[in-house]
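Quick note: the coordinates plus some simple rules give every number you see, no bench work behind them. Everything numeric in this text was worked out from a predicted model, so none of it was measured. Reconstructed Cβ throughout: ideal geometry from the backbone, glycine too, with neighbour counts over all protein chains shown.
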Amino acid sequence: MFKSIRDSLARTRDAVFGRVASLLGQSDITEDTWEQLEIALIQADMGAVVADEMLTRLRTRATAEGIVQADRLRAVLRDELRALLGETRPLRFDHQPTVIALVGVNGSGKTTTVAKLARYLRGQGKTVIAAAADTFRAAAVDQLQVWGERLDFPVIAGQPNADPSSVAYDAAAAAQARGIDVLVVDTAGRLQSKYNLMEELRKVSRVIGKAVPGAPHETWLVLDAITGQNALSQARGFKDAAGVTGVVLTKLDSSAKGGMAFAIRRELGLPIVFIGTGEHFEDFAPFDADKFVAGLIDEPDAGR
């Protein structure tokens, strides 16, 4: 998986963090070094706020540790990037069923993520049911049912344009009755700025809780990594409206920038729980902060 992460971050590493590496050469540190370094971090989709904070931390450590040559900043940058991501939160399955709801905008990859997550959990020995609660998009229901058959997990679906809350309720009740370990709920894509749509999402959560008290136990926001800083505004809206507990970064391939992961973690305090690094079902794994940072700064042996 490390190789996959490293490959998926190739564009960011070569075009953005490669520039950072060239700045951190053998020359002495100057004001221009700091200025160019900040620009490079912003271009990596960290955002101005996080880039400024990172630069302040680097300058403080350089002063405290007497670092005057740029090449010595490389290890410091690695340490600070890793610290910014915080501790990886392990998956917990304290409830039966554990209910995980996936939310996000249209096109972020929610339905595909449901299938990938179900496959991953089954590989971990968990029994899984999926709820096709994206009832406004018939293709999403059909797609999930096909993947359920292919990957051998049941999918609970309703009629076209059915109330998504009723589908979620039926799935939660079925998971509870069958003693299933995990229920994954696929919700319809929606803009975080649309009040009525967000209210509907709250209703889905309330209804699930009637079938399984305390559910959903996790609400994960699925973000398209290609959207960069636009994803940050999405995350803010969904965090406030849907009680998001974690983030799944999708499409983290050669066309995405990885810096937004740091902005999400720092500005919103949301952990990244899974990442998708390609189109295949196996291109999906729990987020590993050590390997992610190593992939950005091109350390092929790190995290092995």
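Looking at 183, 201, 143, which one has the Cα that reaches farthest to the positive end of the dipole of segment 137-211 (charges on Cβ: Lys, Arg +1; Asp, Glu -1)?
Comparing the listed Cα positions along the dipole, 201 ranks first.
Quick one: compute a quarter of the convex hull surface over the Cα atoms of segment 98-296 and quote it in nm².
For segment 98-296, the mean projected area of the Cα convex hull comes to 10.3 nm².
Given the DSSP H assignment, sum -39500 (n - 2.57) over each helix run of at least 4 residues in the chain and divide by its residue total; what's the result at 222 nm in deg cm²/dmol, nearest 500?
Rounded to the nearest 500, it is -14000 deg cm²/dmol.
Can you give me the angle between helix 48-64 and the longest principal axis of the chain, using Cα atoms only, in degrees from 0 to 90, rounded to the nearest 10?
Here the helix axis deviates by roughly 40 degrees.
For the pairs 116/239; 126/239; 203/239; 116/210, note any where the Cα-Cα span goes beyond 20 Å.
On the way: 116/239 23 Å; 126/239 28 Å; 203/239 15 Å; 116/210 27 Å.
Over 20 Å apart, Cα to Cα: 116/239; 126/239; 116/210.
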